[in-house]
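I have placed the structure first, in the form of structure tokens, so that the comments after it can refer back to it.
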Amino acid sequence: MTNEPAPRKRRRRHAGPSALREQRRAAARHRAHAPGTGKALAKQAGSSKALEKGAKSGRSLIIACGALARDILFLIRQHRDHIDLHCLPAEWHNTPQRIPEGVRARIRQAKEEGYARIFVAYGDCGTGGALDAVLGEEGGISRLPGPHCYAFYTGVENFMRHLERDARSYFLTDYLVRHFDSLIVKGLKLDTHPELIETCFGNYDTLVHLAQDDDPALERKAQEAARFLNLAYERRYVGHGDLATAIERFAGETSSKAEE
Amino acid sequence: MSDAEEDDLDLRELDDDELVEQIQDDLYDGLKDEVVEGVEILLERGWKPYDIMTKALVGGMDIVGKDFGDGILFVPEVLLSANAMKAAMDVLRPLLAETGAERIGTMVIGTVKGDIHDIGKNIVAMMMEGAGFDVINLGINVDADQFITAVKEHKPDILGMSALLTTTMPYMKTVIEALAEEGLRDDVVVLVGGAPLNADFGKAIGADAYCKDAAEAVQTAKAFMQRRHNRRASA
């Protein structure tokens, strides 16, 4: 027996040190062309899979973040005769740099399909004005007011008034509570690397659930999320806020156009 | 990964070049303990802390930064890599001070008032430190008075400001105006960064440059230091 400690053993990839990088690059290429991404939509817009030119002539389209689908479908339920909804991947919430070109591709496809009016149901959503630049370049298309969904669900004016009070608040809408495990826990790898909870959420003190519905099950889930992130919990019922105002206005405008 | 693709490895069996490459690979994979072990082995072999920092760690993080920019890596992977680098820097930092490694400048950095997001800012701080800057990290929610006080106290070459929110980024202009009022604006190079910013915004608020990521911040800071050095040499 020897007093010398055994050398530490560790795993190493046989394929060489760069193997994982190559795997990830391949995955990124795959993601870039996966359904629902900007490049895939652009390709689809010019392919036989796209609807025939003019197929949607005279109708109106809302291009929305997938996180808003449920609420927008509720808000346009009386207007489905002339408004369509197309949602882009909600997981772009975590990669906002993908939003502007993804939205542009869908707008161009919609124009080819003959949509008479288009509305974009996104806030700035962390694009730093890049989405607004795209909307300007595509003919001055309107979007939801404010920087992000937390603001327009709360009501932008109200949200902006309380910025200082809420500086340490981490917001979840009903959608984000519903998909907390997939988007936040797995999306940020908090399940396999719990040390990232402190890195990502250590500066927050409260999880604020901006509720759209009165749903006790969802409320319990939000409370569990707060516990998981080591944050205090607060629930604010905000309903649909400025989202309702904007969608109802678009529905009203397009309804009168459709009747003309 | 299947067993056929991997085997056990003793880092001590690797020669220096292989070990540096392995440290970079482990950094890429966010393997904190392995990165620290690799750094300790290089120290035992007589490597200078500065060389370990620049060749193994900064070199590795440059790859991480590039792949993040290219959409190959995402936030969690970058955070794990950054945590691994931080652990390695904790080993090297006292040794760097002890060996009097050359420092190329000083930076004061902080996340502006009203904003508590510091992940990107902390990565910039770490990479600047790795590039040879002394970094005074003021933390989050830093107001203009705190920035001014730090500039007066530390006389930095570079002042870095970060913001993640569109609602807080305008505060950077307030800080730049406060620097001007105090007659300090020309003493520091102001770099700004954060997800919602862009070059036009940086220009509009009177910053010297906008940096899209940590690697660009390091390059920009070094370029400004070189220009300053050249000006002084020709004066």
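Nothing in this text is a laboratory measurement; each read-out follows from the coordinates by a stated rule. Since the structure is predicted, the reported quantities are computational estimates derived from the model, not experimental observations. We place every Cβ from the backbone using ideal geometry, glycine too, and count neighbours over all the protein chains shown.
Quick one: check the C-alpha center-to-center distance for region B:54-127 versus region A:124-199, whole angstrom.
26 Å
Name the residues whose placed amide hydrogens come within less than 5 Å of the amide hydrogen of residue A:125, ignoring near sequence neighbours (fewer than 5 apart) on the same chain.
Residues meeting the amide H criterion: A:148.
Using a cut-off of 10 Å between beta-carbons, work out the net charge of the residues near residue A:123 (Lys and Arg +1, Asp and Glu -1, residue A:123 not included).
Result for the local shell: -1.
In region B:103-235, if the dipole is taken from +1 on Lys/Arg beta carbons and -1 on Asp/Glu beta carbons about the Cα centre, which of B:166, B:179, B:107 is farthest to the positive end?
Projecting each Cα onto the dipole axis, the largest value belongs to B:107.
If I model region B:12-102 as equal point scatterers sitting on the Cα atoms and use the Debye formula, what is log10 I(q)/I(0) at q = 0.20 Å⁻¹?
Here the Debye-derived log intensity ratios amount to -0.87.
In percent, how large is the relative contact order of region A:78-154, given Cα pairs closer than 8 Å and 6 or more residues apart?
29 percent
Calculate the FRET efficiency for residue B:12 and residue A:158 from the Cβ-Cβ distance with a Förster distance of 41 Å, rounded to the nearest 0.05.
That gives a FRET efficiency of 0.10.
What does the charge count around residue B:53 come to, taking other residues whose C-beta lies under 14 Å from its C-beta (Lys +1, Arg +1, Asp -1, Glu -1)?
Its environment carries a net charge of -3.
When the Debye formula is applied to the Cα atoms of region B:166-235, each taken as the same point scatterer, what base-10 log of I(q)/I(0) results at q = 0.14, 0.16 Å⁻¹?
One equal scatterer on each Cα of region B:166-235 leads to -0.47, -0.60.
If the cut-off is a Cα-Cα distance under 14 Å, which aspartates and glutamates reach residue B:48, setting aside same-chain residues fewer than 8 apart in sequence?
Reachable aspartates and glutamates: B:16, B:40, B:98, B:102.
In whole Hz, with x marking every Gly and Pro, tabulate ³J(HN,Hα) for region A:145-154 from phi via Karplus 6.51 cos²θ - 1.76 cosθ + 1.60, θ = phi - 60°.
For region A:145-154, the Karplus curve yields x, x, x, 6, 5, 4, 6, 6, 5, 6 Hz.
Working from Cα positions, state the angle (0 to 90°, nearest 10) between the long axis of helix B:214-234 and the longest principal axis of chain B.
The answer is roughly 60 degrees.
If you count, for every residue in B:65-72, the Cβ atoms of partner chains within 10 Å of its Cβ, what is the mean?
The per-residue average across the peptide is 3.
In Å, what Rg and Dmax follow from the Cα atoms of the protein assembly as shown?
25.4, 94
For region B:103-235, what relative contact order do you get, as a whole percent, if you take Cα pairs closer than 8 Å and at least 6 residues apart?
27 percent
Sorting check: for B:12-25, B:121-134, which peptide has the highest mean count of neighbouring beta carbons within 10 Å, and how do the rest follow?
B:121-134, B:12-25
Within 10 Å of each Cβ of A:194-203, how many other protein chain Cβ atoms are there on average?
Neighbouring Cβ atoms belonging to other protein chains average 4 per residue here.
How much FRET efficiency would the formula 1/(1 + (r/R0)^6) give for residue A:234 and residue B:177, where r is the Cβ-Cβ distance and R0 is 35 Å, rounded to 0.05?
Approximately 0.50, to the nearest 0.05.
Calculate one ³J(HN,Hα) per residue across region A:109-126 by plugging θ = phi - 60° into the Karplus curve 6.51 cos²θ - 1.76 cosθ + 1.60, and present them in order as whole Hz with x for glycine and proline.
In residue order, the calculated couplings are 5, 4, 5, 4, 6, x, 4, 7, 9, 10, 10, 10, 8, 9, x, 5, 6, x Hz.
Quick one: which of B:66/B:173; A:189/B:32; A:53/A:111; A:189/B:121 span more than 18 angstrom between C-alpha atoms?
Among B:66/B:173; A:189/B:32; A:53/A:111; A:189/B:121, the Cα-Cα distance tops 18 Å for B:66/B:173; A:189/B:121.
Please give the charge dipole size of the protein assembly as shown, origin at the Cα centre, charges +1 on K and R Cβ atoms and -1 on D and E Cβ atoms. Round to the nearest 20 debye.
Dipole of the protein assembly as shown, to the nearest 20 debye: 1560 debye.
Average projected area of the Cα convex hull of region B:40-166, in nm²?
Average projection, Cα convex hull of region B:40-166: 8.5 nm².
Taking every residue in B:74-86, how many Cβ atoms of other protein chains lie within 10 Å of its Cβ, on average?
Per residue, the average neighbour count from other chains is 4.
How far is helix B:75-99 tilted off the main Cα axis of chain B, in degrees rounded to 10, range 0 to 90?
Between helix and principal axis, roughly 90 degrees.
Rounding to the nearest 20 debye, state how big the charge dipole of chain B is about its Cα centre with +1 on each Lys and Arg Cβ and -1 on each Asp and Glu Cβ.
2000 debye
Using only the alpha-carbon atoms, what does region A:40-172 span along each of its principal axes? Please give whole angstrom values in decreasing order.
51, 33, 24
Give, as a single signed number, the net charge of other residues whose beta carbon lies under 12 Å from the beta carbon of residue A:139, with Lys and Arg counted +1 and Asp and Glu -1.
Local net charge: +2.
Please state the equivalent ellipsoid semi-axes for region B:103-235: what are the square roots of 5 times the Cα gyration tensor eigenvalues, largest first, in whole Å?
21, 16, 14
Would you compute, for the Cα atoms of chain B, the largest minus smallest coordinate along each principal axis and list the three values in descending order, in whole Å?
63, 40, 27
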